[in-house]
Amino acid sequence: MIEQKLNITHRTGSYTIFIGENLFGIKEALAQQIAGSHVCVVTNETVKPLYLDACLTALTQFEVEVVVLPDGEQYKNFTYYNQVMNLLCEKHYPRDSTLIALGGGVIGDLTGFAAATYQRGVAYIQVPTTLLSQVDSSIGGKTAINHAVGKNLIGAFYPPQVVLIDVTTLATLSQREYLSGLAELIKAALIADAEFFIWIEQHIDALLKRDVTILKQAIMRACQIKQTIVMRDELETMHNHCRILLNFGHTFGHAIEQVLGYGEWLHGEAVALGMHMATCLSQDLGLLDQTSVQRVYALLERAGYALQLPVGASSANLIQRMRHDKKVYSNCLNLILLQRIGTAVVKSDVPMLALQSVLERYSAH
Ligand SMILES: NC(=O)c1ccc[n+]([C@@H]2O[C@H](COP(=O)([O-])OP(=O)(O)OC[C@H]3O[C@@H](n4cnc5c(N)ncnc54)[C@H](O)[C@@H]3O)[C@@H](O)[C@H]2O)c1
């Protein structure tokens, strides 16, 4: 059942985000979006046994190939991108082919990049199956693969044909992955919508229980926030500091992930702590009041995030990493801070001492 639709316009056209339950069988959502006769579904070993059959039943009138990749961020690389390319080339997939990304953000990013580059661009459909990919990575047209030197270094801005968000797929997600995605949902409220933050405070128990009705409302609102931001700043331009607001908590979060070693903490777990650090820093710099900091802390704690750095992540190491974050322009560390709950701002003149003082409060002594 399609419950909600959102439309995103971009440089070269527009696409629709469908949100609902059991969407695979709905022609309007999937089959009608496919122009030609050739479809290639890209998924991974974990998602395949869960949702591939349902997806394929909606595609019986097409010539369909399936690529099943191993599961993990470490496979979002040239080797597995090339595996998709080899299939498309060897099976002579034409220019009006459609790729379908069935999985989380890893599959979405890699499939999107394959679509962006095969024959200079073919259509692709995002079918995100993690909470993070439903509220964040499937929307906005960023596609990428990793390089040994860094994450997402090779990629393109290339919007999908349609995004199909079936919230029932979240039932099978592990608790850690679910919470990782929930952090991005909370982020959306913190940076752009105070009312939504209050709503999350009121519905956090239902969200933690994955109540489908509540989830649909929450995902819709988070998608609207991302829609508004990416439509204002499709290509993440440096003068239009709009899309960069989506990185709230991420400069801290990336540094935590790197210092601990990727995979030790999930992205959203690191972002949750990063958001709290950014919130405290906002208070230290006189931007945010203490009550707001306490509310953010209470919500993150209620959701179950670790809000202390584990042993092995020192404040000195974190600062070192943050200086190398790709959001450093003209040698200034850009940090996204909060002016109020629901209003984020970019600060490019944050004194290192203030940063250090905040980070030290989170260190395990
Ligand atoms: N393009 C963007 O704008 C953007 C934004 C944020 C993140 N990203 C990228 O997204 C990726 C992270 O995405 P993610 O958090 O979805 O991770 P992921 O794709 O690795 O998925 C997390 C885990 O959940 C499993 N899974 C997926 N759907 C499932 C389901 N319904 N039930 C059970 N298990 C399921 C996956 O197999 C995997 O093990 C990163 O590569 C990141 O760089 C991209």
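Only residues in the range 26-52 that are without any contact (Cβ under 8 Å) to a residue 40 or more places away in the chain and more than 10 Å from the ligand (Cβ to nearest atom) count as the first member; pair them with residues that are outside any loop (DSSP other than H, G, I, E, B) and aromatic (Phe, Trp, Tyr), Cβ under 9 angstrom, at least 6 apart or cross-chain, and list the lot.
Taking only residues 6 or more apart or on different chains, the pairs are Ile26/Phe18; Glu28/Phe18.
Kindly check whether there is at least one residue in the range 43-58 that is farther than 19 Å from Gly121 by Cα, more than 27 Å from the chain's Cα centre (by Cα) and either surrounded by fewer than 17 Cβ atoms within 10 Å (Cβ to Cβ) or of a type in the set (Lys, Arg) (or both).
yes
Here are some residues: Ile139, Ile107. Which one is part of a loop (DSSP other than H, G, I, E, B), within 9 Å of the ligand (Cβ to nearest atom) and either touching a residue at least 24 places away in the same chain (Cβ under 8 Å) or within 15 Å of Gly181 (Cβ to Cβ) (or both)?
Ile139
Could you check the range 123-136 and list, in sequence order, the residues that are more than 10 Å from the chain's Cα centre (by Cα) and either assigned to a helix (DSSP H, G or I) or away from the ligand (no atom under 12 Å from the Cβ) (or both)?
Correct list: Ala123, Tyr124, Ile125.
What pairs come up if the first residue lies in the range 111-122 and is more than 13 Å from the ligand (Cβ to nearest atom), the second is of a type in the set (Asp, Glu), and their beta carbons are under 9 Å apart, counting only those six or more places apart or on different chains?
Filtered contacts from the range 111-122: Val122/Asp96.
Answer yes or no as to whether Arg221 is within 20 Å of Glu3 (Cα to Cα) and part of a loop (DSSP other than H, G, I, E, B).
The answer is no for Arg221.
Quick one: would you say Val259 is in a helix (DSSP H, G or I), closer than 22 Å to Gly181 by Cα, in contact with a Lys or Arg (Cβ under 9 Å, 6 or more places away or on another chain) and in contact (Cβ under 8 Å) with a residue 12 or more places away in the chain?
yes
Looking at Ala114, Ala156 in this structure, which one is on the phi < 0 side of the Ramachandran plot, touching a Ser or Thr at 6+ places or on another chain (Cβ under 6 Å) and either of a type outside the set (Phe, Trp, Tyr) or outside any helix (DSSP H, G or I) (or both)?
Result of the check over Ala114, Ala156: Ala156.
Any read-out appearing in this document is the output of simple, stated calculations on the displayed coordinates, not a laboratory observation. In this text the structure is predicted, and so the values were computed from the model without any measurement. Positions of Cβ are generated from backbone atoms using ideal geometry, with glycine treated the same way; all protein chains shown enter the neighbour counts.
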